[in-house]
Amino acid sequence: MKRKFFFLLLPTITILFISCNGKGQQSNRIEEGDTISNAVEQTDTTVVQLTQEEDFRRFIERFSNDSQFQLRRIKFPISVIVPDTGDEGMAPKEESIGKYDWEQLDLSYDSTYLTRPYDQYYQVVRFKNDTAVVEIRGINNGIYADYYFSRIDDEWYLITLYEASF
């Protein structure tokens, strides 16, 4: 009886060991020659990246819904690149916008914007170190904008934007 039980249990334990071992290698691979501190740094970087992303998403939600908060979190005067409406080809030009000329920006997004009947677009957030770029791209409609944010003293700020929509 014990022998049958052992032979039934052995394949199960082997499968569990192999699957657990494979997952660990895929998610956080430590190369030969890495020191323990390098392995910890790799893990810490991943955690920091996830924390920044989560914090940024909460920040964007408040930034889009609270006009006073938005004004406090923009480095004015802000330098922007926009199409020159006076130019026939609408070549980009640099402008500066002061606090009292600013119009509230809404960067909230949900997936229905991708499937609505007109002005369809998608939005992507890209992170690198202490910066984030919110990219908005239209689908066959000329919408194209990038909003550049930087983490300054552990707080996110809009520092510049590139608006090339026509």
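The values are calculated or read from the model by the stated rules, or taken from the named source; none is laboratory data. Keep in mind it's a predicted model, so treat the numbers as computed, not measured. Backbone-built Cβ (ideal geometry, glycine too); neighbour counts: all protein chains shown.
Key figures
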| item | result |
| --- | --- |
| Selection from the stretch 103-154 of residues that are within 11 Å of the chain's Cα centre (by Cα) and surrounded by fewer than 10 Cβ atoms within 10 Å (Cβ to Cβ) | LYS128 |
| GLU155 vs. criteria among the charged types (D, E, K, R) and in contact (Cβ under 8 Å) with a residue 40 or more places away in the chain | yes |
| Of all residues making up the stretch 114-135, the number that are more than 15 Å from ALA145 (Cα to Cα) and of a type in the set (Phe, Trp, Tyr) | 2 |
| Output for the stretch 57-71, where each listed residue is assigned to a helix (DSSP H, G or I) and either acidic (Asp, Glu) or crowded, with 17+ Cβ neighbours inside 10 Å (or both) | PHE59, ILE60, GLU61, PHE63, GLN70 |
| Checklist (1) in contact with a Lys or Arg (Cβ under 8 Å, 6 or more places away or on another chain); (2) at pLDDT 90 or above applied to ILE78, failing item | (1) |
| Residue tally, condition in contact with a Leu (Cβ under 9 Å, 6 or more places away or on another chain) and either on the phi > 0 side of the Ramachandran plot or among the aliphatic types (A, V, I, L, M) (or both), over the stretch 141-158 | 2 |
| Residue tally, condition modelled with pLDDT of 90 or more and closer than 19 Å to SER165 by Cα, over the stretch 81-126 | 18 |
